[in-house]
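Peer 1: The structure's right below; bear with me while I get my questions together.
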Amino acid sequence: MKRLFITLAALLLAASFFTDTAQAAEKLSIEQVKLAPPDMDVYVHTSADLNFDSVKPSDITADLDGQSYSVKSIENEGNSTEGVFYAFLLDVSASIPQDSLDAAVDAIKEIANDMNPADKLAVITFGDKVNVISDGSKPVNSTLKALKGIKADDQNTAFYSAMDSLIKVTKKAGDLRTVAVVFSDGVEDTKGDMTEAELIDTLKQSGVAVYAMQVGKNVTKATTKHLKKFIKVTGGKVLEFNASNAQKTVKSLVGNLDSVYRLQLLADKDFDIEKDSKLTVKINGFDPLSWTVKKKAWEVADGNPAIEKRDMSKADTSDNDSKEEASADATEPFNTKKISRQRKIITFAIIGVVAVAAAIVAVLSVIQRKRSIDAYYKNQGLDPHEIEEIKKKIRQKKWRK
C-alpha cells in the first residue's frame with residue numbers, strides 16, 4: 001500500500017511538472033528580434049501573471065546555429081526610457097463601421113497621451129490606396145490632428161500594400177523597439193504589388209512586432225485565420241475590436257506591450273550567416289524559444305548605419321582591452337624610415353631648446369652680475385666718474401693678461 005501511495009504521488013508530481021512546463025511554454029514567446037550583427041536584441045513576451053523579473057542573465061543561454069551568445073542585460077520594456085516606435089495602420093474601407101474607426105482613432109490618441117518623449121508615432125491609412133500620414137518624423141500633436149474627421153468610405157482594401165508600406169516606414173525606427181498595430185478586417189481585395197507568400201517573407205525579415213485589432217462587417221473564422229497567418233510570423237497577436245469593447249481591448253494591448261522583456265545578446269566573435277538560421281533561447285524553467293533569422297535580414301541590418309552595433313574591437317573587460325590594443329598595434333605597418341625621421345626632428349628640437357635656454361641664462365647672469373657690482377660701488381660712496389675709472393682699470397688689467 002505504501003509503495004502504491006509513493007507511486008501515485010510520483011505520478012501526480014510528474015503530471016504537475018509537465019503541466020506547469022506546458023503552461024510556462026505558453027506564457028513565453030519571442031515577439032521581435034532586432035538585429036545588429038553579430039549582436040541582437042530579443043524581445044520576449046510574457047503573460048501578466050508570470051514573474052519574469054526573477055530571471056537573471058545567468059539563467060539564459062542562446063545560440064544561432066551553433067554560435068553562442070551571452071546575455072548582457074534583461075530589461076522590462078514597460079520601464080524602458082529608450083523609446084518605442086509605434087506604427088498604426090487604419091483600414092478606411094467601407095467594410096469598417098464608422099464608430100469602430102472612430103474608436104480606433106480614440107485608441108491611438110489614448111496611447112499617444114501616455115507616450116514617452118523618446119517614443120515616435122507613425123500612422124498609415126489604407127483603403128483604395130495607401131496614405132502615410134506620418135512616418136514617425138512629425139510631432140505627435142500634428143499627427144493626431146491629421147486624423148480628425150477621417151472616414152471609412154473607400155471601396156477597396158489594399159491590405160498587402162499597406163503592410164509593405166509599414167515595413168518601409170519602420171526602417172526609420174533605427175534601434176528603437178518597433179511595434180505596429182493594424183486596425184482592419186484583414187481582407188485583401190485589391191491586386192497588390194506582392195503575393196501572400198511575399199508578404200509573409202517580408203514580415204519575417206522585418207523584425208517588426210505586429211498586433212492586429214480585427215474589426216469590420218466581414219469578419220469570419222476564415223478571415224480571422226487568414227489574419228493570424230500574417231501576425232503569427234511577427235510574434236504579435238490578433239485581438240477582437242469594436243466600438244463597444246474598445247477601451248478593454250486597448251488596455252489588453254497596452255498590457256501586452258508592457259509585458260515584454262528585452263534580452264541583449266552579445267556574440268563572442270564577429271561572424272556572418274550563410275543561410276536562414278535558427279536562433280534558440282533557453283531560459284531556466286521554460287521550454288526553449290526559437291526564431292528564424294533570415295539571411296537577407298541579417299545582411300540588411302549589417303549594412304544599416306541607423307542600428308547601433310557593438311564595436312567588436314572593444315572587449316568588455318580591461319584585460320581584453322589591452323589584448324585588443326596589442327593586437328591592433330601588431331597589425332599596424334612598421335615604417336622604420338618614418339620613425340627615424342621623427343627621432344631626428346625631436347633630437348634637433350631638444351638641442352635647440354637647450355641652447356636657447358642656456359643663452360638666456362647666460363645673459364641674465366651677466367646682467368645680474370653687473371647690477372650687483374654697480375650696487376656695491378654706490379654703497380662705497382663712489383660717484384659715476386670714479387666708478388668708470390675703476391672699470392677702465394679692470395679692463396686694462398684683463399687685456400694685459
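The values are calculated or read from the model by the stated rules, or taken from the named source; none is laboratory data. Fair warning: this is a prediction, and the values are worked out from it, not measured in the lab. Note that each Cβ is placed from the backbone with ideal geometry, even for glycine, and that neighbours are counted across all protein chains shown. Note: accessible area is taken over every heavy atom of the protein model, side chains too, but ligands, DNA and RNA are not part of it. Shrake-Rupley method; radii C 1.70, N 1.55, O 1.52, S 1.80 Å.
Peer 1: For the range 235-251: of the residues being out of contact with any Lys or Arg (no Cβ under 8 Å at 6 or more places or on another chain) and either under 17 Å from S29 (Cα atoms) or assigned to a strand (DSSP E or B) (or both), which is modelled with the lowest pLDDT?
Peer 2: Among residues in the range 235-251 that are out of contact with any Lys or Arg (no Cβ under 8 Å at 6 or more places or on another chain) and either under 17 Å from S29 (Cα atoms) or assigned to a strand (DSSP E or B) (or both), the one modelled with the lowest pLDDT is G235.
Peer 1: Being aliphatic (A, V, I, L, M), within 26 Å of the chain's Cα centre (by Cα) and surrounded by fewer than 21 Cβ atoms within 10 Å (Cβ to Cβ) is the filter here; which residues of the range 119-150 pass it?
Peer 2: Hits for the range 119-150 are V132, I133, V140.
Peer 1: Is there any pair with a first residue in the range 234-255 that is closer than 22 Å to V33 by Cβ and a second that is outside any helix (DSSP H, G or I) and hydroxyl-bearing (S, T, Y) whose Cβ atoms are under 6 Å apart and which are 6 or more apart or on different chains, and what are they?
Peer 2: G236/Y211; K237/Y211
Peer 1: Next up: Just to verify a result, which residue in the range 30-68, among those that are over 17 Å from the mean Cα position of the chain (by Cα) and within 9 Å of L263 (Cβ to Cβ), is surrounded by the most Cβ atoms within 10 Å (Cβ to Cβ)?
Peer 2: If we take residues in the range 30-68 being over 17 Å from the mean Cα position of the chain (by Cα) and within 9 Å of L263 (Cβ to Cβ), then A62 is surrounded by the most Cβ atoms within 10 Å (Cβ to Cβ).
Peer 1: Could you list, in sequence order, the residues of the range 241-255 that are under 27 Å from F52 (Cα atoms) and open to solvent by 20 Å² or more (accessible area, probe 1.4 Å)?
Peer 2: Q247, K248, K251, S252, V254, G255, listed by residue number.
Peer 1: Something else about it: Which condition number in (1) within 22 Å of the chain's Cα centre (by Cα); (2) closer than 30 Å to A103 by Cβ; (3) open to solvent by 40 Å² or more (accessible area, probe 1.4 Å); (4) not aliphatic (A, V, I, L, M) is the one that S290 fails?
Peer 2: So S290 meets the others, but not (2).
Peer 1: Which of the residues that make up the range 189-226 are of a type in the set (G, A, S), at pLDDT 85 or above and open to solvent by less than 60 Å² (accessible area, probe 1.4 Å)?
Peer 2: Hit for the range 189-226 is A212, nothing else.
Peer 1: Suppose we keep only residues that are over 18 Å from D135 (Cβ atoms) and among the charged types (D, E, K, R) within the range 172-188. Which one would you say is least open to solvent (accessible area, probe 1.4 Å)?
Peer 2: Among residues in the range 172-188 that are over 18 Å from D135 (Cβ atoms) and among the charged types (D, E, K, R), the one least open to solvent (accessible area, probe 1.4 Å) is D185.
Peer 1: Filter the range 14-53 down to residues that are among the small types (G, A, S) and in a strand (DSSP E or B) and give me whichever is modelled with the highest pLDDT.
Peer 2: This residue is A36.
Peer 1: Against the condition surrounded by 20 or more Cβ atoms within 10 Å (Cβ to Cβ) and more than 26 Å from the chain's Cα centre (by Cα), how does L263 come out, does it pass?
Peer 2: For L263, the condition - surrounded by 20 or more Cβ atoms within 10 Å (Cβ to Cβ) and more than 26 Å from the chain's Cα centre (by Cα) - is not met.
Peer 1: Out of all the residues in the range 73-118, which are open to solvent by 20 Å² or more (accessible area, probe 1.4 Å) and of a type in the set (D, E, K, R)?
Peer 2: The answer is E75, E82, D99, D102, D106, K109, E110, D114.
Peer 1: Let me ask you something else. Please work out which residue is surrounded by the fewest Cβ atoms within 10 Å (Cβ to Cβ), limiting yourself to the range 268-280 and to residues that are touching a Phe, Trp or Tyr at 6+ places or on another chain (Cβ under 8 Å) and under 12 Å from S68 (Cβ atoms).
Peer 2: Among them, the one singled out is D268.
Peer 1: Residues of the range 236-271 being touching a Ser or Thr at 6+ places or on another chain (Cβ under 9 Å) and farther than 20 Å from V215 by Cα, which ones?
Peer 2: Scanning the range 236-271 gives S259, V260, Y261, R262, L263, Q264, L265, L266, A267, D268.
Peer 1: Please verify whether K344 is open to solvent by 50 Å² or more (accessible area, probe 1.4 Å) and either at pLDDT below 90 or among the hydrophobic types (A, V, I, L, M, F, W, C) (or both), treating the condition exactly as stated.
Peer 2: Considered against the rule, which asks whether it is open to solvent by 50 Å² or more (accessible area, probe 1.4 Å) and either at pLDDT below 90 or among the hydrophobic types (A, V, I, L, M, F, W, C) (or both), K344 comes out as yes.
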